[in-house]
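For reference, the structure is listed below as structure tokens.
The values are calculated or read from the model by the stated rules, or taken from the named source; none is laboratory data. Keep in mind that what you see is a predicted model, and the values were worked out from it rather than measured. Don't worry about glycine lacking a Cβ; one is built from the backbone with ideal geometry, like all the others, and counts go over all protein chains shown.
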Amino acid sequence: MDLTILSVKGIIILVIFGVTLLIAMYSTYAERKVAAFLQDRLGPNRAGPWGLLQPVADAGKMFFKEDFIPAQASKWLFILGPCLAILTALMSSAVIPFGDSIRFAWDGVKYDVNVQAIEINIGVLYIFGVVSLGVYGIMVGGWASNNKFSLLGAIRAASQNISYEIALGLSLIAILMMTGSLSLRSIVNEQATFFEWNVFTQPLGFIIFLTCSFAECNRTPFDLPECETELIGGYHTEYSSMKLGFYLFSEYINMFVSSAFISALYFGGFHYPFMDLVSSGLEGSLGAVAGHNVATAIGVVAFFAKIFFFIFFFMWVRWTLPRFRYDQLMNLGWKTFIPLSILNVVITGAGLLYDFKYATWLIATVMIVLAVVSTARAPKRQVRPQTTTA
């Protein structure tokens, strides 16, 4: 790899890193605005026009707050916890393909560089490995705080993540069986046309993966590790200043990465309907280089539109559904999602054996029929009018 490609890759890495931080920062603003809209409020509107400087004000508040370390805490582990959480969150976006490729010529040599920070053929394993390490940041921080509430929150986070990572991985095996690759770019390129998106061939796997992503990000209704009603603030009860900011910021980065991962795995990534026609038309009118680059830019915009939709969906669910009990959380993971994920893998394998890639729709159809029948047979509650006695 020559110096020119290394330089372009360095620029792409810096841009992806900056965009990840920017989106995570303004996700805090978007969440408050979405919550305000759903609750018929205004939301932040004082810091700058339309409240757009609210994330900057929040960052300034975090920077200038007192940095407090409990007297009986394990100091170095107390510092290491939030550092691990933010580091693993930032590393996750390195292998996500945000676009097709950039074409350019330099010193008479033509280059074609993919819009992806790191190109490895085990991108899916990389993301799973890095995400699995993220629980150590929570566990170390909760244990080092020397606080029972923090420790309980950390234990909850560890057990929750382990439980739902099993179903998450099993739901992904079906896609790997269909594509035959662990490379995220290969998985995205297999979804070049609209009806080949994996959400159409793996509907049950998508539902399981999406639900497990909520649990992995500690988002409502799976935010048991930090539920205020039981554990004060959860694993980060003793944290303040930017250490607390790292924990909170890593949650929004994980939400962005999860949205990008879902978009790449199930919704075609940077592909969009009639992409080939648009690309060929642009290359015919603007030339092979400029037309291809414009088509790549349109693909990047389409990919980020999908990401923003799922970020909004994460926020929408948070302010709509109530929190589960912890026994309900564990029962859903172990007794429902893991068996369904295994069944999904078996049905997908049978479909590949008989060359029918839409076989998993059989499970989805049966589940819909059972849900309709159980709803219809459920006893109806009769509302009796209240009687008042003189």
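Descriptive notes on the structure:
- Note on segment 103-155: residues that are β-branched (Val, Ile, Thr) and outside any helix (DSSP H, G or I) amount to 6.
- The set of residues in segment 162-188 that are without any contact (Cβ under 8 Å) to a residue 60 or more places away in the chain, out of contact with any Cys (no Cβ under 8 Å at 6 or more places or on another chain) and not small (Gly, Ala, Ser) comprises 162, 176, 179.
- Residue ID - modelled with the lowest pLDDT, chosen from residues in segment 7-46 that are among the charged types (D, E, K, R) and surrounded by 13 or more Cβ atoms within 10 Å (Cβ to Cβ): 9
- Candidates 247, 252, 239, 235: the one that is among the hydroxyl-bearing types (Ser, Thr, Tyr), in contact with an Asp or Glu (Cβ under 7 Å, 6 or more places away or on another chain) and more than 30 Å from residue 201 (Cβ to Cβ) is 235.
- Looking across 182, 204, one residue alone is out of contact with any strand residue (DSSP E or B) (no Cβ under 7 Å at 6 or more places or on another chain) and in a helix (DSSP H, G or I). It is 204.
- Within the option set 364, 359, being in a loop (DSSP other than H, G, I, E, B) and either under 22 Å from the mean Cα position of the chain (by Cα) or of a type in the set (A, V, I, L, M) (or both) holds for one residue only, 359.
- Condition met for residue 279 (small (Gly, Ala, Ser) and over 25 Å from residue 313 (Cβ atoms)): yes
- Residues of segment 47-74 satisfying the condition of being surrounded by fewer than 11 Cβ atoms within 10 Å (Cβ to Cβ) and within 31 Å of the chain's Cα centre (by Cα): 49, 64
- Pick from segment 150-195, criterion closer than 19 Å to residue 266 by Cβ and polar (S, T, N, Q), ranking: nearest to the chain's Cα centre (by Cα): 171
- Some residue of segment 229-238 being closer than 23 Å to residue 94 by Cα, in contact with a Gly (Cβ under 9 Å, 6 or more places away or on another chain) and either charged (D, E, K, R) or surrounded by 23 or more Cβ atoms within 10 Å (Cβ to Cβ) (or both): no
- Residues that are in contact (Cβ under 8 Å) with a residue 40 or more places away in the chain, farther than 17 Å from residue 244 by Cβ and part of a helix (DSSP H, G or I), drawn from segment 38-75: 38
- Every listed requirement among (1) in contact with a Ser or Thr (Cβ under 8 Å, 6 or more places away or on another chain); (2) at pLDDT below 90; (3) assigned to a helix (DSSP H, G or I) is met by residue 239 save one, (3).
- Set side by side, the residues 166, 187 differ, and just one is surrounded by fewer than 24 Cβ atoms within 10 Å (Cβ to Cβ), under 25 Å from residue 134 (Cα atoms) and not charged (D, E, K, R), which is 166.
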